[in-house]
1. Counting only residues that are under 30 Å from Thr38 (Cα atoms) and at pLDDT below 85, give me the helices (runs of 4 or more DSSP H) lying completely in region 568-662 with at least 3 of them.
2. Which is of a type in the set (Lys, Arg), part of a loop (DSSP other than H, G, I, E, B) and open to solvent by 90 Å² or more (accessible area, probe 1.4 Å), of Lys212, Lys191?
3. Just give me the residues in region 141-168 being more than 22 Å from Ala192 (Cα to Cα), in a helix (DSSP H, G or I) and open to solvent by less than 70 Å² (accessible area, probe 1.4 Å), in sequence order.
4. Please enumerate the residues belonging to region 373-417 that are within 19 Å of the chain's Cα centre (by Cα) and of a type in the set (Ser, Thr, Tyr).
5. Are any residues in region 479-492 open to solvent by 10 Å² or more (accessible area, probe 1.4 Å), β-branched (Val, Ile, Thr) and either closer than 15 Å to Asp406 by Cα or modelled with pLDDT under 90 (or both), and if so, which ones?
6. How many residues, within region 310-346, are open to solvent by less than 30 Å² (accessible area, probe 1.4 Å) and of a type in the set (Asp, Glu)?
7. Would you check if Leu197 is touching a Ser or Thr at 6+ places or on another chain (Cβ under 7 Å) and modelled with pLDDT of 75 or more?
8. Report, by residue number, each residue of region 606-621 that is surrounded by fewer than 19 Cβ atoms within 10 Å (Cβ to Cβ) and small (Gly, Ala, Ser).
Amino acid sequence: MASEKIDLNEKLVHSILRLFRRFSTRVYTKEIKALEKTLANKSCQLLQLTNELAIYSEAEMLGFLVAEIKTKATELEKLALELKDKFLIFVVGMGKYGKSTLVNALAGSKVAEVDILPKTWKIDIYEENEANEAEIRYLNGQRQVVSLEKAKQIIKEEEDKRRETEMLVASELQKMLPYLDNLKEKEELKKALAKKLLYISPISEVKWPCKKSPFLNYFRLVDTPGLYQDTPGLENKEDIRQFYHKAHGVLWLLDATKITSQRSKQMVEELNEALKKVSSETQNIIGVLNRIDLIENEGEDAVSKVLAEAERLFQGTFRALVPLSAKLAEKGVLENDSNLIKKSGLATLYNEIDDLFLAQASACKYQSAVDGFKLIQASLLPTVKIYLERLKKDYHYYKELKDQTDRALFELQSRFSEELRVILINYKKDVKANIGKNAEILLNPNYKAKVKETYLREVIFRENYFAAQLNSFQLRMIETLEFTNRLLIKKSVFREFENLSLKSVLLVYKQLQSEDKLSISALTSDEEFGLASVLTFAASGFLLGPLGLVITGITGLTGLLRQAYVNLYQLPKIRSELEKYLDLVVKKAEEELTASLEDGLEKTAKQINRIRSETYSFLHGPFEKTAEVISVLEKLIELLTEDLEVDVDLKNTILGGERDWN
């Protein structure tokens with residue numbers, strides 16, 4: 001009776017499990033269709049908003065953000081499409097831990113190259129396909145079907161470009177290090193060089209054709225790059241989340257020979273860090289202890305210790321932990337050796353994949369797509385927020401700089417206008433006094449006309465003194481405008497990497513943009529990065545103008561002097577004429593110097609405004625359009641903040657729509 005009762009309980013349990021799985025599958029099947037629609041809608045909404053910013057795609061910072069949003073929108077669309085396709089298993093690990101070897105064993109043939117560490121810019125997908133062609137997918141969603149040889153050639157060219165630019169970045173960084181003032185500038189220069197020089201391949205994945213096999217009838221396999229592939233000298237590498245979140249299930253390879261080593265704690269930390277980048281959930285990950293055959297050579301106790309240590313270290317991390325020899329598994333499959341397959345642990349791995357992935361495929365795919373959306377959301381939302389904050393800051397600073405420039409130049413105009421006014425008033429006062437005291441000498445018949453003319457110029461009109469005063473004034477004006485010009489220009493240059501000096505900015509940008517496109521091309525390459533003078537009067541011999549007026553006035557007086565030299569009664573007339581000429585000289589000097597000052601101020605303002613406008617536009621697009629851009633970005637943030645709502649009628653889904661809940 002007891003055995004019958006046990007059998008009955010087991011049958012009941014199995015019946016309940018079958019019923020639960022049937023309902024669960026029905027629910028997830030419905031939810032997957034709804035999720036597919038929701039993800040497609042989200043992708044479409046993102047693209048619609050991004051298209052409003054497409055005209056600013058050439059802007060350095062805004063254009064980069066637009067491209068990033070488009071890429072994420074394409075990924076959302078792909079998440080939706082992947083829900084219809086076969087279950088996608090990613091084989092991942094920290095490096096050369098036998099990922100490609102395991103892929104070959106699971107695929108049933110030698111499809112992946114071993115001992116080659118793929119670059120972080122793409123993933124390789126292996127799936128059943130009788131055509132002898134590969135499909136290359138790009139970040140923008142485009143596809144290209146080519147022969148296998150052509151695909152390998154394209155990938156090699158991409159690898160070469162990446163490798164060459166990595167070397168270029170490292171080389172340029174070494175060249176520029178002597179010019180850097182501090183650690184912050186060094187770090188920002190690294191980022192600037194990487195952004196400007198490091199080649200980012202437009203390829204996101206390559207689909208490789210495989211022969212039919214029992215495993216590939218249900219699954220697709222992905223051989224991924226190893227975690228933590230640092231570019232020498234650089235820290236800004238592509239985020240692994242850009243491809244890991246696409247997995248429906250994950251086989252995470254660990255090196256069994258390092259479980260009991262001193263690196264155990266380090267491995268756990270690396271794994272936890274990697275999992276944070278991949279997902280906070282681990283329900284779709286199977287841990288694979290590879291190279292277990294090397295441990296077996298040390299005896300059963302060694303294997304037990306490794307398994308116990310692995311359970312302790314990775315408790316709760318994986319749905320299952322499977323010891324495996326990928327090398328033996330590949331050999332067993334290729335040689336069709338069932339004993340070797342069993343010994344390798346591959347058969348056990350098959351069972352775990354069946355139980356945890358295939359039997360729960362709908363749930364895994366659904367959860368994977370939801371996690372994928374969350375990771376895209378978590379990745380993109382801060383990026384948009386950070387840029388929007390920077391844009392708003394630069395937008396307000398732009399207006400503040402314009403006000404500062406206007407105030408500074410207005411103050412200069414007021415200051416020099418007043419200084420000129422005082423100079424001319426005092427000069428006029430002095431010359432009038434000289435005319436009153438010394439004009440009589442001009443009527444002395446004992447002096448020749450040449451002597452009188454010299455006396456008139458040097459004593460009465462104080463020509464040299466006046467010229468020196470005007471020259472000194474003009475030099476002060478030029479120096480002050482040049483200093484103000486340099487100061488305001490330096491403040492008005494908008495740059496993406498704010499800790500970089502203007503010198504470093506030029507070092508990065510000068511070889512990357514033509515002068516007609518480089519917004520800071522007006523900056524010279526001298527030590528202080530000042531501006532070429534915009535004050536054309538500085539070297540034009542301007543002071544000849546006022547002196548010419550004095551000379552002209554004196555020349556006009558010589559005839560009068562010759563007529564009046566015998567008549568002392570002509571003295572009032574002489575004084576009157578001299579004062580008229582004095583007024584003329586002062587007026588002309590004031591007009592020309594004022595015009596020169598205004599011309600210098602105008603040219604200074606134009607250059608400062610141009611630098612401010614062009615450098616701002618270089619980063620963010622036209623200043624006049626910023627309000628519109630901010631509005632679109634705020635809508636994007638609102639869209640990205642929304643939760644993923646999947647509309648499913650749970651009641652009808654469970655009941656199959658056959659009857660009402662009541």
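1. Working: elements: 571-620, 626-641, 650-655.
Answer list for region 568-662: 650-655.
2. On the way: Lys191 fails: part of a loop (DSSP other than H, G, I, E, B).
The match here is Lys212.
3. Step one: list which residues in region 141-168 are more than 22 Å from Ala192 (Cα to Cα), which gives 141-157.
Next, only the ones that are in a helix (DSSP H, G or I) stay: 148-157.
Passing the criteria: Leu148, Ala151, Ile154, Ile155.
4. Within region 373-417, the first condition is being within 19 Å of the chain's Cα centre (by Cα), and the residues that meet it are 376-395.
Residues satisfying the conditions are Ser379, Thr383, Tyr387, Tyr395.
5. Listed by number, the list holds a single entry, Thr484.
6. 1
7. Numbers: touching a Ser or Thr at 6+ places or on another chain (Cβ under 7 Å): yes; modelled with pLDDT of 75 or more: yes.
Judged against the criteria, Leu197 is a match.
8. Ser613
The values are calculated or read from the model by the stated rules, or taken from the named source; none is laboratory data. On a predicted model such as this, the values are computed, not experimentally measured, just so you know. So basically every Cβ, Gly included, is an ideal-geometry build from the backbone, and we count neighbours across all protein chains shown. Ligands, DNA and RNA are excluded from the accessible area calculation, which covers all protein heavy atoms including side chains. Shrake-Rupley method; radii C 1.70, N 1.55, O 1.52, S 1.80 Å.
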